[in-house]
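Take a look at the structure below.
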Amino acid sequence: MKTLIIFSHTYYAQSRVNRRLLEIANLIPDVTIRNLDGLYGTDFTKIDVPEEQHLLTENSRIVFQFPVFWFSTPPMLKAYMDQVFTHGWAYGSEGHALAGKQFMVAASTGSSLEKYRKGGFTMEELLRPLMTSAAFVGMVVDRPMITYGCLDITEEGIKAACQEYRKLLTTC
Ligand SMILES: Cc1cc2nc3c(=O)[nH]c(=O)nc-3n(C[C@H](O)[C@H](O)[C@H](O)COP(=O)(O)O)c2cc1C
């Protein structure tokens, strides 16, 4: 399935996990990657809205890949949504450009799954605003892929995450 990965990471040069996931994704035919911070830096006013909207329409599955920052998305991904998912295009009586597309989140966390459980919140709950936004514009929301415990993740853990990501991206 033609897949567009919208990726954001504020300090990609130091990334251990998302870098590897992106490298795997880059090898899969039919996958296009938009590294927002790589393309636009931190200047959200530079986001090329017509080009981003064009790419979204060209793909059947949209993946938001990011490290979790303060239980949310990095700032450029939030800015992307604010600017690209516009009224009359993504929503509103005439806005159906994203309707029917598959949507998936691939997020990484510093804390372990156990810590999230002890804290009383699941990532699925914390991702609800993002999932609700995707559903609001008519996308079909898939189960998210969460890579937990990235601060002390082992090489085996990274490899397992890469395998899972490859499987998800090659499955229709
Ligand atoms: C500003 C900031 C906020 C963060 N907030 C969270 C958080 O809310 N929950 C969490 O589990 N990890 C948090 N982290 C840790 C990152 O999610 C983690 O380091 C990242 O997912 C690892 O991926 P990487 O190897 O690609 O950098 C935060 C890190 C930074 C720098």
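None of the figures in this text is laboratory data; all of them are computed from the coordinates on show. This one's a predicted model, so the numbers in the text were calculated from it and none came from an experiment. Note that we place each Cβ from the backbone using ideal geometry, even for glycine, and neighbour counts take in every protein chain shown.
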Please arrange Leu168, Leu27, Leu98 by counting, for each residue, the other beta carbons lying within 10 Å of its beta carbon, fewest first.
Leu27, Leu168, Leu98
Mind checking which of Cys162, Pro75, Thr132 is farthest towards the positive end of the chain's charge dipole, using Cβ charges of +1 (Lys, Arg) and -1 (Asp, Glu) about the Cα centre?
Cys162
What is the log10 of I(q)/I(0) for the chain, computed with the Debye formula using one identical point scatterer on each Cα and no solvent, at q = 0.14, 0.19 Å⁻¹?
-0.72, -1.36
By how many degrees, between 0 and 90 and to the nearest 10, does the Cα long axis of helix 17-26 differ from the longest principal axis of the chain?
50 degrees
Run the numbers for Thr170 and Asp48: contour at 0.36 nm per residue of separation, minus the present Cα-Cα distance, in nm.
41.1 nm
Loop-located chymotrypsin sites (Phe, Trp or Tyr not before Pro) in the stretch 112-172 whose Cβ has at most 15 other Cβ within 10 Å (DSSP)
Phe121
Proximal lysine pairs in the stretch 3-170, meaning Cα under 28 Å and 8 or more positions apart or interchain, come to 11
May I ask for the angle, rounded to the nearest 10°, between helix 75-84 and the longest principal axis of the chain, with both axes built from Cα atoms and the value confined to 0 to 90°?
20 degrees
Express the C-alpha Rg of the stretch 79-154 as a ratio against the empirical globular expectation 2.2 N^0.38 Å, rounded to two decimals.
1.33
Let me know the charge dipole size of the stretch 62-172 about its Cα centre in debye, to the nearest 20, where only the beta-carbon of Lys, Arg (+1) and Asp, Glu (-1) is charged.
80 debye
With point charges of +1 on the Cβ of Lys and Arg and -1 on the Cβ of Asp and Glu, referenced to the Cα centre of the stretch 87-154, which listed residue (Ala97, Phe121, Ile146) lies farthest in the positive direction of the dipole?
Phe121
Gap in Å between the Cα centre of the stretch 1-69 and the Cα centre of the stretch 115-142?
19 Å
Any idea what the relative contact order of the chain is, in percent, if you count C-alpha pairs under 8 Å spaced at least 6 apart?
27 percent
Which percent, to the nearest 5, of DSSP beta bridges fully inside the chain are antiparallel?
5 percent
Are there chymotrypsin sites (Phe, Trp or Tyr not before Pro) in the stretch 56-106 that DSSP puts in a loop and that have at most 11 other Cβ atoms within 10 Å, and which ones?
Trp70
Taking H placed 1.01 Å from N in the peptide plane, check which residues at least 5 places from Lys101 or on another chain put their amide H under 5 Å from its amide H.
Val140
Label points 7 Å out from Cα along the Cβ direction at Phe69 and Asp152: separation in nm?
2.5 nm
